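S.K.: The structure follows.
Readers should treat all values here as calculations from the given coordinates under stated rules, not as data from a laboratory. The structure presented is a predicted model; accordingly, all values stated were derived computationally and were not measured. No Cβ is skipped: glycine too gets one built from the backbone with ideal geometry, and neighbour counts run over all protein chains shown.
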Amino acid sequence: MARPLVHIYCDGACSPNPGWGGWGALLISPAHGNYTRELSGAEANSTNNRMELTGAIRALEALKEPCHVVLHTDSTYVHNAFVKGWLEKWQANGWRTAARGSVQNVDLWQELVRLAALHDIEWKWVKGHADSPEHNRCDALAVAARQALARGESPEALRL
């Protein structure tokens, strides 16, 4: 039986970096009339890379069954780790880089690897702040969540 197709767009934002971080994700299901779901959140002490990873993680967590996912990200950090085989090398090296340094954000990488194994994922890189309305929406969600948290508001209660 074919897995349902879901397009995921995700983004992270942090200002300053490190500092107030936000993430946004947009899930689109063509099989269900292009049903769309938006997700966002924020953390007080984060980095842009952590927020990029968190956006992908939270989007994959939202899926209720194994899916064929086309995951769109502007993060070369996230994209290249899967497409260029960085993750396999890091894991084989005990979560060490080729330069023998510790891989940053291991906790998030391990969770993303676990979730990615549940789905059939095509990793697509998109240019940030360019011509993708879906990705630009994720950026707006991430920035708004970060700004809400910085103001002392709950980013989970955001309605843009």
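S.K.: Any idea what the dipole of the chain comes to, in debye rounded to 20, about its Cα centre with Lys/Arg Cβ at +1 and Asp/Glu Cβ at -1?
M.R.: 260 debye
S.K.: Return the ratio Rg/(2.2 N^0.38 Å) for segment 1-79, where Rg is computed over Cα atoms only.
M.R.: In units of the globular-protein estimate, segment 1-79 measures up at 1.15.
S.K.: Most fluctuating residue of N105, N48, N136 in a GNM of the chain with Cα springs under 10 Å: which is it?
M.R.: Per the Cα network of the chain with a 10 Å cutoff, N105 tops the list.
S.K.: Can I ask one more? So for the chain, taking the charge dipole from beta-carbon charges (+1 Lys/Arg, -1 Asp/Glu), which of H79, N49, A98 sits furthest toward the positive end?
M.R.: Going by the charge dipole, the pick is A98.
S.K.: Only bridges whose two residues both fall in the chain count here: according to DSSP, what percent of them are antiparallel, nearest 5?
M.R.: Approximately 60 percent, going by the DSSP bridge assignments.
S.K.: Per DSSP helix of 4 or more residues, -39500 (n - 2.57); summed, then divided by the residues of the chain. What does that give at 222 nm, rounded to the nearest 500?
M.R.: -11000 deg cm²/dmol
S.K.: When the gyration tensor of segment 1-42 is built from Cα positions, what are the square roots of 5 times its three eigenvalues, in whole Å, from largest to smallest?
M.R.: 29, 9, 6
S.K.: If I build a Gaussian network model for the chain, linking alpha-carbon pairs within less than 10 angstrom, which residue out of V113, V70, V78 has the largest mean-square fluctuation?
M.R.: Answer for the Gaussian network model of the chain: V113.
S.K.: Summing Lys, Arg as +1 and Asp, Glu as -1, what charge do residues with Cβ under 12 Å from the Cβ of A81 carry, A81 excluded?
M.R.: Result for the neighbourhood of A81: 0.
S.K.: Treating cross-link reach as a plain straight distance, find the lysines whose alpha-carbon is under 24 Å from the alpha-carbon of K64, omitting any fewer than eight places away in the same chain.
M.R.: By straight Cα distance, K64 reaches K124.
S.K.: Arranged by the count of other C-beta atoms within 10 angstrom, fewest first, what order do M51, M1 take?
M.R.: Neighbour counts put them in this order, fewest first: M1, M51.
S.K.: On to the next question. Averaging over every viewing direction, what projected area does the convex hull of the Cα atoms of the chain cover, in nm²?
M.R.: The orientation-averaged projected area of the Cα hull of the chain comes to 9.9 nm².
S.K.: Same structure again: Net charge within 13 Å of C14 by Cβ-Cβ distance, Lys/Arg positive one each and Asp/Glu negative one each, not counting C14 itself?
M.R.: Result for the neighbourhood of C14: -2.
S.K.: Using only alpha carbon pairs under 8 Å that are at least six residues apart, calculate the relative contact order of segment 5-153 and give it in whole percent.
M.R.: RCO, segment 5-153: 35 percent.
S.K.: Considering only A31, A116, A142, give the residue with the highest GNM mean-square fluctuation for the chain, with springs between Cα atoms whenever their separation is below 10 Å.
M.R.: A31
S.K.: Trypsin sites (Lys or Arg not before Pro) within segment 80-122: which are DSSP loop residues with at most 12 other Cβ atoms inside 10 Å?
M.R.: Filter output for segment 80-122: K84, R100.
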